[in-house]
Amino acid sequence: MRKPLVGALFAVLLLGAGIAPATAATSHGAAAPSTVKAAAPSSHTAVRAEVRSKAIGFAGTVALSNCSGSVVRTPGSQPNDPALVLSNGHCMESGFPGPGVVVRDQPSTRSFTLLNSAGSGVGTLRASKIAYGTMTDTDISVYQLTSTYAQIQSSYGIKALELNTAHPVQGTAITVVSGYWKRTYSCNVDGFVYRLKEGSWTWKDSVRYTSACQTIGGTSGSPVIDNATGKVVAVNNTGNEDGQRCTDNNPCEVDASGKVTVRQGINYAQETYGIVPCIVAGNKFDLNAAGCTLPKP
């Protein structure tokens, strides 16, 4: 997790792909994509995950100016509800929210480039507001769009990705899908972190990837998709770059007894099943809804 960095080289690299963001987040390494390669799968299981992930495309993902994201729905979302875009709290245009800060219903006109299954930009979606955003306990932002799911499907033939309602499972084959880079990363859920601390922020029950998912800057906000179900189980957000302990760009793991573990080169995501109970009829956030445990303002 890092602040966005203006980079003309990154923009040039993206021009051929039809997207030229003015900024690019630099978390998980500052090297250009052509010089950063995902680590080779270290087990037969990881190889199987990589093969299976070929069915996971880019349809429903979006590119932000500095991050990745996806158009998402809950099982209860209706076709005529305003669509939602999921990304990270640290990707919000208003900057990193401080510890304890929760953003609610903040007006926004941010634009998102919608991708099809092949990774081509097919249209521009626009936000009406940041419905919810925080970096406390989790690292998420949810934008409400000016378009409904039905309008997006009618115009572009693309359906929203569905948020899974259950806690992720260790060993699950997953794919991290970056709309910013039009690149996927295949690995497995290695485990869960009681507390993940990075600088001023602390996140609860984070997903730890196996080493094959070597995500880079600009992948922040990417949906983490369960290869078997095609549903979103987490949102990619950070990784330990330099082996430092609990500093910016170097999160550390803290267990229930307070023991700290540093895993250089390992990357993480924030679970998303907890978002579902907080979204009620009309795709509105109700932080007092039954089962909603997201932080409140």
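Of note:
- Extreme residue, nearest to the chain's Cα centre (by Cα), among residues of region 176-198 that are open to solvent by 10 Å² or more (accessible area, probe 1.4 Å) and among the aromatic types (F, W, Y): W181
- Region 150-188, residues that are aliphatic (A, V, I, L, M) and touching a residue at least 40 places away in the same chain (Cβ under 8 Å): A150, I152, I158, A160, L161, L163, A166, A173, I174, V176, V177
- Some residue of region 132-143 being out of contact with any helix residue (DSSP H, G or I) (no Cβ under 8 Å at 6 or more places or on another chain) and of a type in the set (A, V, I, L, M, F, W, C): no
- Among the residues of region 267-278, those that are closer than 17 Å to Q144 by Cβ and either part of a loop (DSSP other than H, G, I, E, B) or open to solvent by 20 Å² or more (accessible area, probe 1.4 Å) (or both) comprise T272, V276.
- One residue alone among G100, G29 is modelled with pLDDT under 95, open to solvent by 20 Å² or more (accessible area, probe 1.4 Å), in a loop (DSSP other than H, G, I, E, B) and at positive phi, and that residue is G29.
- Subset of region 64-81 [open to solvent by 50 Å² or more (accessible area, probe 1.4 Å), under 17 Å from T272 (Cα atoms) and touching a helix residue (DSSP H, G or I) at 6+ places or on another chain (Cβ under 7 Å)]: R73
- Counted residues, region 147-175 - those being within 19 Å of the chain's Cα centre (by Cα), crowded, with 17+ Cβ neighbours inside 10 Å and either among the small types (G, A, S) or part of a helix (DSSP H, G or I) (or both): 2
The values are calculated or read from the model by the stated rules, or taken from the named source; none is laboratory data. Owing to the predicted nature of the structure, the values given are computational and were not obtained by experimental measurement. Every residue, glycine as well, gets a Cβ built from its backbone with ideal geometry; the counts of neighbours run over all protein chains shown. Just so you know, the surface numbers come from the protein's heavy atoms only, side chains and all, with ligands and any DNA or RNA stripped out. Shrake-Rupley method; radii C 1.70, N 1.55, O 1.52, S 1.80 Å.
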